[in-house]
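A.B. asks: Provided herewith is a single structure, encoded as structure tokens, for subsequent inquiry.
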Amino acid sequence: MVLQKDSEVPFFGEADPGVNLTITTSWDFKNYKTKVSKEGTFEVTLHTPDYGGPYEIAIQQHDEVTTLKNILIGEVWLCSGQSNMEMPLEGWGKVQNYEEEIANANYPEIRLLQVAQVNAVSPVDTLSLANEGWQECSPKTIPEFSSTAYFFAREIYKTKQIPIGVIHSSWGGTVIEAWTSAGALHTIQDFDRDITALNATEAEIQVYNQENATKLENWHQQIAAVDEGYENDNPVWSQKMHNDWKSIALPGYFDLDDTSELFKFDGVVWFQKEINLTREEASAQTLLHFYADDIDKVWINGEFIGETDGYQIERKYQIPTGVLKPGVNLITIKVFDGVGGGGVYGDSEDFYLQCNDTKKLLGGNWKYKIGVSLDKVPPYPYIPMFQNRPTVLFNAMIHPILKFPFKGVIWYQGESNAQRAAQYKKLFPLLIKDWRKQFNNPKMPFYFVQLANYRSVKEQPAPSAWAELRDAQFITLKKVSNTGMAVAIDIGDAIDIHPKNKQEVGRRLALIALANVYGEDIAYAGPMINGYKKLGKNIVVSFEYSEGLIVKDGEELKGFQIAGPDKKFYWADAIIKGGKVVVSSSKVPNPVSVRYGWADNPEVNLYNGAGLPASPFKTDSWKGITLDHLN
């Protein structure tokens, strides 16, 4: 293991009640004597020295001695968040050059501790661990460990040559309120109802679940109300073949082709295909079989057949007698996709119409049309479930290590809160202050990753929930002391929410720590806005961390947009002048606001001389598109 240097480290465990223990540390050969409580627990406080090791801790009970070996004294960092923190070097992550990175991961003075993914409705004291506890960093132990945590630790180790312990406690797809204590969340009251439900009676839980079901049903009704496939609740698109629709190959996820209008699409898509049946086939017992993601409804010859909710559920629809007819038959499938891949998916042999013992494969060319995009409706209602319930990850994966001294925290999370980015402005500072209070370390360094670029590039300026989440992170950086933000707006991936260049993510986090914790005289942040001024038809923006301000890989600055009092944004002309950026547009004679990098996946190229990118920003306080309250 690694213990935090120059610290008071609690050393606790279980033993036979009433037994006298002597605990001896080899770095100072000091004896700590204690008596095991009647409940069978003990605890002493060890005083750790400066960097060093390996050391031993001996525990003597009567004449029996248990010795813990290979203990280093160094710096211990807590690494937490959602999937971009969880993403391993190999496994489902596969960072760039992962085979080479794994082969070269021989750092015995970097130690790894993997916390198991569990949740709890109330705080627990025992930590659930994976991999039987602490491990030395090696090609054998690193493949399934957090790549961001590893590359962060490696950069510090290479520079400082000190033992580093990284405790990784994260869970993909999780929201920030799941990582926050109940006491902290109660101060803002946004989650009181959901926290109460964690320990509610069965009757109270039934009421709570019914309320959530009603919220979800109302949301789907809002979608149906604007779905072009309906007229007055009548599914008109199911009643005739539309040969003028576009073509698509099924089975297959409809939103993975970056040349298609459905690329990264979330919403409702209707599919149609005509099939010919003989008289015997039309009169047979018939089953329609396929897989869909997330929710589907099926009509045949205009008759409603059924619906299924859930992307992992096999669809098996029995066709009622009389629906099919000899000759041409029309199959219409409406698919709702809320997030990730969507469509009729699977192997071609799993998509068929079975007439008695005969299978008619349905794969191939289908017609499709968009019914409604989720951009046209309010965001998905807030319904916390499983590991995303408020407090449950703090209770199980953070509370058990509150006694443990850390040098600091690195954090990569926010994707799952993007649709509530306005609320994140209070949730993120709340979590940082909460953890510092809970760890009894009010100045504990807390360094985080601003969300990377993701999704398709927009041709024109447009609202963006991800941009608002990045802004919430930037505001937190400015409001909360002893924080640092690694900007990742240039190392994301349009089609992968888990970008592969985790080496640079870890390096940028490490730069912040090396400068602010370890005293290295290095640049650690890219340009960040610290003021602006209107000069006629121009807005002049000034930055901190702007030494050597440059345009990277091009002659023209990209990513700036400007608006007048009408709040309509246009792409702007921008030039570097005197260490500042002058922004203007012939379409905006009276500018009042400038934004930079304000998109899911902006094209940006403003850097400083250290090669670090500028953080996205906005100068206005206009209301965004994300909710500032729960649904």
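The values are calculated or read from the model by the stated rules, or taken from the named source; none is laboratory data. Since the model is a prediction, treat every value here as computed from it, not as a measurement. Methodologically, a virtual Cβ is constructed for each residue, glycine included, from the backbone with ideal geometry; neighbour enumeration extends over all protein chains shown.
A.B. asks: Quick one: which residue in L477, L451, L427 is within 17 Å of I176 (Cβ to Cβ) and in contact with a Phe, Trp or Tyr (Cβ under 7 Å, 6 or more places away or on another chain)?
C.D. replies: On the way: L477 fails: in contact with a Phe, Trp or Tyr (Cβ under 7 Å, 6 or more places away or on another chain); L427 fails: in contact with a Phe, Trp or Tyr (Cβ under 7 Å, 6 or more places away or on another chain).
Going through L477, L451, L427 in turn, the sole match is L451.
A.B. asks: Which of the residues that make up the stretch 48-58 are out of contact with any Phe, Trp or Tyr (no Cβ under 9 Å at 6 or more places or on another chain) and touching a residue at least 40 places away in the same chain (Cβ under 8 Å)?
C.D. replies: If the condition is that a residue be out of contact with any Phe, Trp or Tyr (no Cβ under 9 Å at 6 or more places or on another chain) and touching a residue at least 40 places away in the same chain (Cβ under 8 Å), then D50, Y51 are the ones that fit.
A.B. asks: Just to be sure, is Q450 modelled with pLDDT of 95 or more, closer than 17 Å to I529 by Cα and either in contact with a Leu (Cβ under 7 Å, 6 or more places away or on another chain) or buried (at least 17 other Cβ atoms within 10 Å of the Cβ) (or both)?
C.D. replies: So Q450 passes the test.
A.B. asks: Name the single residue that is surrounded by the most Cβ atoms within 10 Å (Cβ to Cβ) among those in the stretch 236-259 being free of Cβ contacts under 8 Å to residues at least 12 places away in the same chain and assigned to a loop (DSSP other than H, G, I, E, B).
C.D. replies: Of everything passing the filter in the stretch 236-259, D257 is surrounded by the most Cβ atoms within 10 Å (Cβ to Cβ).
A.B. asks: Let me ask something else about it. What's the total number of residues in the stretch 125-160 that are free of Cβ contacts under 8 Å to residues at least 12 places away in the same chain and under 19 Å from G408 (Cα atoms)?
C.D. replies: Of the residues in that region, 1 qualify.
A.B. asks: With the condition being more than 38 Å from the chain's Cα centre (by Cα), at pLDDT 95 or above and of a type in the set (S, T, N, Q), I'd like the strands (runs of 3 or more DSSP E) fully within the stretch 263-304 carrying at least 3 qualifying residues.
C.D. replies: Answer list for the stretch 263-304: none.
A.B. asks: Here is a follow-up. What are the residues in the stretch 175-203 that are over 27 Å from K426 (Cβ atoms) and assigned to a helix (DSSP H, G or I), if any?
C.D. replies: Scanning the stretch 175-203 gives E202, A203.
A.B. asks: Do we find a residue being under 23 Å from D375 (Cα atoms) and assigned to a helix (DSSP H, G or I) anywhere in the stretch 446-465?
C.D. replies: Within the stretch 446-465, one or more residues are under 23 Å from D375 (Cα atoms) and assigned to a helix (DSSP H, G or I).
A.B. asks: For the condition surrounded by 15 or more Cβ atoms within 10 Å (Cβ to Cβ) and out of contact with any Ser or Thr (no Cβ under 9 Å at 6 or more places or on another chain), what is the one hit in T126, T141?
C.D. replies: T141
A.B. asks: Show the residue pairs meeting these rules: Cβ distance below 6 Å; 6+ apart or different chains; first residue within the stretch 400-424 and closer than 24 Å to I512 by Cα; second residue surrounded by fewer than 24 Cβ atoms within 10 Å (Cβ to Cβ) and among the small types (G, A, S).
C.D. replies: From the stretch 400-424, the pairs are P405/S7.
A.B. asks: Name the one entry in V339, V372 that is modelled with pLDDT under 95, among the β-branched types (V, I, T) and assigned by TED's automatic domain parsing to the domain that holds D244.
C.D. replies: Exactly one of V339, V372 is modelled with pLDDT under 95, among the β-branched types (V, I, T) and assigned by TED's automatic domain parsing to the domain that holds D244, namely V339.
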